[in-house]
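Down below is the structure, laid out as structure tokens.
The values are calculated or read from the model by the stated rules, or taken from the named source; none is laboratory data. Worth saying up front: this structure is predicted, and the values here are computed from it rather than measured. As a convention, Cβ positions derive from the backbone with ideal geometry for all residues, glycine included, and neighbour counts pool all protein chains shown. Heavy atoms of the whole protein, side chains included, go into the accessibility calculation; ligands, DNA and RNA do not. Shrake-Rupley method; radii C 1.70, N 1.55, O 1.52, S 1.80 Å.
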Amino acid sequence: LGAVLDRAAAHDLTVLVTLTDFYPTGLFPRGDEGAFADIGGYTILSTAWFQTGYRTSYRPFVEEIVSRYASHRAIFAWELGNEIKCDGDHAAFFAFHDDVAGRIRALDANHLITPGMITARWLTDTEASALYARSTVDFVVVHDYEAAHTFNDFELGQASAAGKPLIVEEAGFSGSDRAARTDADIRWNIDDRGARGYMQ
């Protein structure tokens with residue numbers, strides 16, 4: 001991470017640092033190898049990890065990384081995890097978020113924090129509003145491929161209601177004419193819908 005941040009800084013870029021992956025890609029803290037379970041046919045972080053398991057390896061890793069790089073000029077934001085959610089225990093997800101995001105804020109008051117979900121549609125509308133209203137959520141993200149726009153308007157509405165910006169954090173197209181389709185999608189999200197950023 002330090003090498004990436006240094007290279008980014010040399011090019012006047014900033015980095016959104018994602019602190020774990022919802023999927024067993026290897027992009028998670030050492031010690032969390034056993035944290036994944038088959039849930040509904042997908043191998044993902046288990047409900048037990050969100051309930052208490054994250055405290056073993058993930059939370060110490062987060063504390064170490066944030067402490068080490070809080071003053072690095074290439075940090076844009078901290079993201080709790082890539083595409084995280086906990087269908088099995090919403091209350092556990094909220095407790096996890098509050099614990100980890102609160103710790104990040106205590107260690108680094110100068111950078112943004114976001115949960116890192118594809119969408120908050122797995123929560124009830126009331127829960128999504130409560131999550132995005134938290135002071136430890138600085139911006140909302142959505143993942144959207146092929147201009148499906150399945151969740152964009154929901155996330156934009158939630159972000160607007162919470163007074164937070166929305167970033168299309170993952171987007172892209174397969175097939176041909178991708179440049180023109182990407183340009184049109186950027187315009188739709190930013191010019192037409194008011195998103196504040198778009199990451200291809």
What number of residues in segment 153-197 are over 18 Å from A133 (Cα atoms), open to solvent by less than 30 Å² (accessible area, probe 1.4 Å) and either touching a helix residue (DSSP H, G or I) at 6+ places or on another chain (Cβ under 7 Å) or among the small types (G, A, S) (or both)? 6
Out of the residues in segment 135-150 that are over 15 Å from the mean Cα position of the chain (by Cα), part of a loop (DSSP other than H, G, I, E, B) and not β-branched (V, I, T), state the one that is nearest to G116 (Cα to Cα). S135
I84 is checked against (1) assigned to a helix (DSSP H, G or I); (2) open to solvent by less than 30 Å² (accessible area, probe 1.4 Å) and fails just one. What number does that condition carry? (1)
Being open to solvent by 50 Å² or more (accessible area, probe 1.4 Å) and of a type outside the set (S, T, N, Q) is the requirement here; does D89 meet it? no
Considering only segment 60-81, state which residues are touching a helix residue (DSSP H, G or I) at 6+ places or on another chain (Cβ under 7 Å), free of Cβ contacts under 8 Å to residues at least 60 places away in the same chain and surrounded by 17 or more Cβ atoms within 10 Å (Cβ to Cβ). V62, V66
Determine if segment 35-58 includes at least one residue that is open to solvent by 30 Å² or more (accessible area, probe 1.4 Å), assigned to a helix (DSSP H, G or I) and farther than 26 Å from L131 by Cα. no
Go through (1) among the small types (G, A, S); (2) surrounded by 15 or more Cβ atoms within 10 Å (Cβ to Cβ); (3) in a loop (DSSP other than H, G, I, E, B) and name the single condition G26 misses. (2)
Output the residues belonging to segment 158-181 that are among the acidic types (D, E) and either in a helix (DSSP H, G or I) or in contact (Cβ under 8 Å) with a residue 12 or more places away in the chain (or both). E169, E170
Would you be able to say whether some residue in segment 105-127 is open to solvent by less than 50 Å² (accessible area, probe 1.4 Å), β-branched (V, I, T) and either at pLDDT below 95 or in a loop (DSSP other than H, G, I, E, B) (or both)? yes
Collect the residues in segment 1-19 that are open to solvent by 20 Å² or more (accessible area, probe 1.4 Å), within 21 Å of L80 (Cα to Cα) and assigned to a loop (DSSP other than H, G, I, E, B), keeping them in residue-number order. L1, L13, T14
